[in-house]
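Visitor: I'd like to ask you about the structure that follows.
Just so it is clear, none of the values below were taken in a lab; they were calculated from the coordinates. Note that this is a predicted model, so its numbers are computed, not measured. Please note: Cβ atoms are built from the backbone with ideal geometry, for glycine as well, and neighbour counts cover all protein chains shown.
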Amino acid sequence: MPMIPKAIPMKELKNYYGNSLNYDYINFSDYFRSLSAEGRRQTFVTDKKFVGIKDEIGGILSDLIAEYTGYESTSVMKDTANDIFVSLLYCLDMALFTFASHEDALEYIIENNVDEVYKKGQKVIKQCVFECISLLVKAKNTRINYPDRKYNSIFEGEILSYLKKYESKYFAHGTKRVFSYNSVNGCGGYRGILHLKRYLENLIIENSFVNVFDENTIQNLCYGYCENNDREYNDIGANIYSIVLMNRVFAEMAGNSGLEVLKTDALKLSKLLKKVPEPEQRRLIISCAENVSNDPYVNKSVIRLAGHAVNALNGDNLGNIIYIGEIK
Amino acid sequence: MHFKNSNDRNSLININQIKLSDSNALKNALVELNGTTAEYGLFLTVKQINRLSDAVGKALRESDRIEIGSGILPVIAEEFCTSVFVTRENYAQLLEDLIYIFFQVKTAVCDRVSDKDLVRLLKDYYENKAMGSAEVIGERDIDLLVKYIEMEKGILGDSLADAYDSESYTDERT
């Protein structure tokens, strides 16, 4: 078994076979477990240490279960125990996410007992909750001034209530919370508080993009979209940023500098785009979006939305994804 | 040793590999308890203790539960040793029967009753309703025992409401 000198960073180490960590075996959504398992495969984590890790996890889990029952029960349902176990692992993952490399994270596992990793994870989770609170304030401050019920409900209690109920000990991983209003880009498969953090970051970017345009223009565009799609003004039924973004992209394609896509523009664009196959249509939309913004988030959104746009275009339903008409 | 299979799930730490209940602690607790129960003429042999330890594991698996530390059996033994229905001959078998009943009932009341209260009410039922027959409880009276405990703990309404909901659900489906 190779010795691991502390003075040498682990990234420079090779195991007995000359191998280092195989990143393909490391999974961010199950970080502690996959990293320690890979560390064991490559013999950086000794069998003795691995058994020790399991025992220490057992100790922490027992304490958490006892605490969960208010010290009134010596047993719980397997599902409950499993939830607490997954929550514990999530907390360990959070501690390891603070390291710059897999090697540094593995070194931390090897040199510390699990209890220390767990305590660090709890601190990181608390820090993340505070970050979410400031992100929520920022998201509220950049809020789009449009009376959509679902959009506004997330700021008027939905997120705060999630934060208040967030259980960092027994259910830190949460289930992926679905809010009434979705951001266009996903939350990267994150769970628990990290999912909320990513969601809020997404919202801030979306709000900021929309807020570049005149407030009245945005309101009139949204009202027009609702009217065209036979929807109540306060129930737009789509992501506001997605409508604004795609209006901007199609306006750009039509040679307009703002958000306006007139009926004549839509017909012209539709006729032109229909001449080329669907992948080409998608490519044209995406490349046109590069003139609109060079923000990676915006570009990613367009890639996600281009498919819908192509479907709408070919089904003569472009009005489902953008507002077609004069913006008063 | 190098595992080539990236999907080797066994290499990941999972809850089934983690030792939460401590059978040695359970055995030690039962041995220690012999000192107390001896004054009632009750005693468990090493063989009986080993058998009871195995029974706890089996009962946990059957009821889909996980236990921590030395578990509930020493608490049950301590409570029941004072019962007039317990004799040296039926003591070990009674504990084995009770451990199955305990976990079944604990799950049936959705963990809303503490261990201490559940053991107390179980003993009460055993002495006053089942007239000292754990077999009767296990084979016939589990539902009645659950209702009895829920009524005593004032949580009966919840389970009736649940039953009503599930009946309505069945009706709707049919």
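Visitor: In vacuum, with every alpha carbon of the protein assembly as shown counted as one equal point scatterer, what does the Debye formula give for log10 I(q)/I(0) at q = 0.07, 0.08, 0.14 Å⁻¹? Two decimals, please.
Guide: For the protein assembly as shown, the Cα-only Debye profile gives -0.61, -0.75, -1.23.
Visitor: Which residue, A:Gly192, A:Gly224, B:Ala29, has the largest displacement toward the positive end of the dipole of the protein assembly as shown when charges sit on each Cβ (Lys, Arg +1; Asp, Glu -1)?
Guide: Of A:Gly192, A:Gly224, B:Ala29, it is A:Gly224.
Visitor: Shifting gears a bit: Testing the spin-label approximation: label points 7 Å from Cα along Cα→Cβ at A:Val178 and A:Asn82. State their distance in nm.
Guide: 2.1
Visitor: Cα gyration tensor of segment A:10-119, axes a ≥ b ≥ c as square roots of the eigenvalues: rounded (a/c below 1.5), prolate (a/b > b/c) or oblate? Can you show the working numbers first?
Guide: Working: a/c = 2.48, a/b = 2.21, b/c = 1.12.
Note, shape of segment A:10-119 comes out prolate.
Visitor: May I pose another question? Contact order normalised by length for segment A:213-320, with contacts defined as Cα pairs under 8 Å and 6 or more residues apart; what percent is it?
Guide: Numbers: 79 pairs, mean separation 25.2, N = 108.
For segment A:213-320, the relative contact order is 23 percent.
Visitor: Report the equivalent ellipsoid semi-axes for segment A:161-253 in whole Å, largest first, defined as the square roots of five times the eigenvalues of the gyration tensor built from alpha carbon atoms.
Guide: For segment A:161-253, the ellipsoid semi-axes come out as 31, 15, 11 Å.
Visitor: Note down the nm distance, to one decimal, between modelled labels 7 Å out along Cα→Cβ at B:Phe85 and at A:Asn228.
Guide: Here the modelled spin labels are 7.7 nm apart.
Visitor: As a test of the formula, what do you get for the protein assembly as shown when each DSSP H run with n ≥ 4 contributes -39,500 (n - 2.57) and the sum is divided by the residue count, at 222 nm and rounded to the nearest 500 deg cm²/dmol?
Guide: Rounded to the nearest 500, it is -19000 deg cm²/dmol.
Visitor: Cut-off 11 Å, label point 7 angstrom out along Cα-to-Cβ of B:Lys58: give me the residues of segment B:87-108 whose amide nitrogen falls inside.
Guide: It comes to B:96-97, B:100, nothing else.
Visitor: Continuing with the same structure: Report the relative contact order of chain A, percent, no decimals, based on alpha-carbon pairs under 8 angstrom and at least 6 residues apart.
Guide: Across chain A, relative contact order equals 14 percent.
Visitor: Take segment B:80-122, drop everything but the C-alpha atoms, weight them equally and run the Debye formula without solvent; then report log10 I(q)/I(0) at 0.16, 0.20, 0.28 Å⁻¹ to two decimals.
Guide: So the normalised log intensities work out to -0.45, -0.65, -0.99.
Visitor: Principal axis lengths of segment A:123-208 from Cα atoms, whole Å, largest first?
Guide: Here the spans come out as 38, 21, 19 Å, largest first.
Visitor: How much FRET efficiency would the formula 1/(1 + (r/R0)^6) give for A:Thr142 and B:Lys153, where r is the Cβ-Cβ distance and R0 is 51 Å, rounded to 0.05?
Guide: My answer for the efficiency is 0.50.
Visitor: Nearest 20 debye, what's the magnitude of the dipole of the protein assembly as shown about its Cα centre given +1 on Lys and Arg Cβ and -1 on Asp and Glu Cβ?
Guide: On the way: 59 positive and 71 negative charges, 364 e Å.
With only Lys, Arg, Asp and Glu charged at Cβ, the dipole is about 1760 debye.
Visitor: Checking the a/c ratio against 1.5 first, then a/b against b/c, what shape does the Cα gyration tensor give for segment A:206-270?
Guide: Values: a/c = 1.98, a/b = 1.23, b/c = 1.62.
Oblate, because a/c is 1.5 or more while a/b does not exceed b/c.
Visitor: Same structure, new question: At 7 Å along Cα-to-Cβ for each site, give me the label-to-label distance between A:Gln127 and B:Asp143 in nm.
Guide: Distance between label points: 5.6 nm.
Visitor: To continue, here is another question. Most mobile of A:Leu96, A:Leu284, A:Leu259 per a Gaussian network model of chain A (Cα springs, under 10 Å)?
Guide: Maximum among the listed residues: A:Leu284.
Visitor: Further question on the same structure: Provide the net charge surrounding A:Lys78, with neighbours chosen by a C-beta distance below 14 Å and charges set as Lys +1, Arg +1, Asp -1, Glu -1.
Guide: That sum, taken over residues with Cβ under 14 Å, equals -3.
Visitor: Also, I was wondering about something else. Under the 0.36 nm per residue contour assumption, what length would be gained going from the current alpha-carbon distance of A:Asn216 and A:Phe97 to full extension?
Guide: Extending this stretch completely gives an extra 38.6 nm.
Visitor: Moving on to the next point. Would you mind counting up the charge near A:Gly186? Only other residues with Cβ under 9 Å from its Cβ, with Lys and Arg at +1 and Asp and Glu at -1. Mind dumping the intermediate values first?
Guide: Values: positive: A:Arg198, A:Arg304; negative: none.
For residues surrounding A:Gly186, the net value is +2.
Visitor: What's the FRET efficiency of A:Lys328 with A:His308 using the Cβ-Cβ distance as r and R₀ = 35 Å, to the nearest 0.05?
Guide: It comes out at approximately 0.85.
Visitor: Classify segment B:12-163 as rounded, prolate or oblate from the Cα gyration tensor: take a ≥ b ≥ c as the square roots of its eigenvalues, call it rounded if a/c is under 1.5, otherwise prolate when a/b beats b/c and oblate if not.
Guide: Since a/c reaches 1.5 but b/c is at least a/b, the shape of segment B:12-163 is classed as oblate.
Visitor: Averaging sequence separations of C-alpha pairs under 8 Å and six or more residues apart, then dividing by the length of segment A:123-208, give the relative contact order as a whole percent.
Guide: 39
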